[in-house]
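The values are calculated or read from the model by the stated rules, or taken from the named source; none is laboratory data. Bear in mind the structure is a predicted one, so any value in this text is a computation, not a measurement. When we count neighbours, we look across all protein chains shown, and the Cβ atoms used for this are built from the backbone with ideal geometry, even at glycine.
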Amino acid sequence: MSPETPAGNVWPIWEVFVRSSRGLSHVHAGSLHAPDAAMALRNARDLYTRRNEGVSIWVVPADAIASSDPDAKGAFFESPQGKDYRHATYYTKSEGVKHL
Amino acid sequence: MATQTLQSVPAELTPEQLEEAARHEAEGQAYFDRVMAEDSRIEPRDWMPAAYRKTLIRQISQHAHSEIIGMQPEANWISRAPSLKRKAILMAKVQDEAGHGLYLYSAAETLGQPRDQMMQDLMDGKAKYSSIFNYPARTWADMGAIGWMVDGAAIANQVPLCRASFGPYGRAMVRVCKEESFHQRQGFEILLELSHGTPEQKQMAQEAVNRWYAPALMMFGPPDDDSPNSKQSMAWNIKRFSNDELRNRFVGMMMEQVKVLDLTLPDKDIRFNEETKKWEHGPLDWDEFHEVLKGRGPCNAQRLERRREAHENGTWVREAAAAYARKQAEKESAA
């Protein structure tokens, strides 16, 4: 997927995700400007992995990311509130029992 | 994340809309105040006071400009580095400075300020950057003094900024600080080798230390009683220690390290105050500081000229890359 390249020379913003070693997920490292995906990957390598910080890189056009509304975070994340029973620590009667 | 919501304000608002807007502001302020009280972090799309946003854009972009302009005094010595190893190290360091500039521009962009605008402001002479980079690097030993003292002062300043209340700034600073420690150590090593070399080399190292000492101390900014923005920045958890606190702490570190170098600091008034338990230093020439900041330092014109030149020389590259990307996208959509 490639974002709309503006008519001028202002390159679009890409978000960069780096996998630091095999077995770990890609983690957001930062962002950069690039005219297309190939250049975004090369720029990301030069900018975010100068010291062997990664074995794999994803670049995603910033405007392709959908995110939750920061003003509605209360309502949006309400469902898990008060549901402590979803955590193992809720169950205290088994304390002292081995391998549980 | 660089995305953000920009809300346009309609020309005329109904009383209900005005009320709604006021409620939104009040809720936003309350949330912001809570985040500050808990010493938590503000993220780009959170509500924030307009002055907080403005202060951060100014500070982060000035910081980015300093990294970019800071490439120049050192790039000047790449072709004259005394060995292939030193040349490779210096190139890596200058490349890091470019990287630091880009991390910081990215952080500032999350506040809604386009990078091109910031760069244009720098080239137009509208934006400030650290006064230290308007001093010339006269000898190879200056590469050592810059690494040890200038990067050392930068680290002392930047470590507390890793905890700045604005998330993207703090995260950029974590990355920067990790990389800066290599810069400081390589500078120290250059000075150490020179100070243990021939008498001429030792003298060259001493003279570089003499040249950079006062400008490095002034990197922490004006004295506390002459630093009008500090108080607000500390209330917003952007700044964690005052200019003088950081400066005094830095002087103490230099005093220990200079002994290992077998050199001296050009300041007879340095002393440890037993009462305050703080290091003190001699008077600094703040008139000079303000002159350099206003653009009348030894290298201001040259630094900006070089920046504009580099930008102009890169125009065809930016145009070609954008044209290629457009062409590929057209091919893709035609296929």
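What the table shows:
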read-out	value
Among (1) touching a strand residue (DSSP E or B) at 6+ places or on another chain (Cβ under 9 Å); (2) surrounded by fewer than 18 Cβ atoms within 10 Å (Cβ to Cβ); (3) closer than 30 Å to B:Val94 by Cβ; (4) within 8 Å of chain B (Cβ to nearest Cβ), the one test that A:Arg51 misses	(1)
Yes/no for A:Trp58 being within 30 Å of B:Lys327 (Cβ to Cβ), buried (at least 19 other Cβ atoms within 10 Å of the Cβ), more than 8 Å from chain B (Cβ to nearest Cβ) and aromatic (Phe, Trp, Tyr)	no
A:Val18 being away from chain B (no Cβ under 11 Å), on the phi < 0 side of the Ramachandran plot and not acidic (Asp, Glu)	yes
Subset of the range B:269-328 (residues that are away from chain A (no Cβ under 14 Å), among the aromatic types (Phe, Trp, Tyr) and over 22 Å from the mean Cα position of the chain (by Cα))	B:Phe272, B:Trp279
Only listed residue being farther than 15 Å from B:Leu104 by Cα, buried (at least 24 other Cβ atoms within 10 Å of the Cβ), touching a residue at least 24 places away in the same chain (Cβ under 8 Å) and among the aliphatic types (A, V, I, L, M), chosen from B:Met143, B:Met204	B:Met143
The one condition in (1) in contact (Cβ under 8 Å) with a residue 12 or more places away in the chain; (2) in a helix (DSSP H, G or I) that B:Ala320 fails to fulfil	(1)
Those residues of the range B:28-60 which are loosely packed, with under 11 Cβ neighbours inside 10 Å, touching a helix residue (DSSP H, G or I) at 6+ places or on another chain (Cβ under 9 Å) and not aliphatic (A, V, I, L, M), in sequence order	B:Asp39
B:Glu25 being exposed (fewer than 15 other Cβ atoms within 10 Å of the Cβ), of a type in the set (Asp, Glu) and either more than 14 Å from every other protein chain (Cβ to nearest Cβ) or over 16 Å from the mean Cα position of the chain (by Cα) (or both)	yes
Residue match in the range B:159-177 (condition: touching a strand residue (DSSP E or B) at 6+ places or on another chain (Cβ under 9 Å), closer than 30 Å to B:Ala51 by Cα and outside any helix (DSSP H, G or I))	yes
Tabulated pairs, the range A:26-38, first facing another protein chain (nearest Cβ under 8 Å) and farther than 10 Å from A:Pro12 by Cβ, second of a type in the set (Phe, Trp, Tyr) and surrounded by fewer than 23 Cβ atoms within 10 Å (Cβ to Cβ), C-beta under 6 angstrom, 6+ apart or interchain	A:His28/A:Phe17
Boolean, A:Tyr91 is within 24 Å of B:Glu43 (Cα to Cα), surrounded by 11 or more Cβ atoms within 10 Å (Cβ to Cβ) and either free of Cβ contacts under 8 Å to residues at least 12 places away in the same chain or among the hydroxyl-bearing types (Ser, Thr, Tyr) (or both)	no
Residue count for the range B:82-109, restricted to those that are among the polar types (S, T, N, Q) and under 20 Å from B:Asp151 (Cβ atoms)	1
Where B:Glu20 falls short, out of the listed (1) under 24 Å from the mean Cα position of the chain (by Cα); (2) within 14 Å of another protein chain (Cβ to nearest Cβ); (3) part of a helix (DSSP H, G or I); (4) loosely packed, with under 13 Cβ neighbours inside 10 Å	(1)
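Here's the yes/no breakdown for (1) at pLDDT below 95; (2) over 21 Å from B:Asp285 (Cα atoms):
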position	(1), (2)
B:Met143	no, yes
B:Trp148	no, yes
B:Ala154	no, no
B:Val176	no, yes
B:Glu179	yes, yes
B:Phe182	yes, yes
B:Ala208	no, no
B:Ala214	no, no
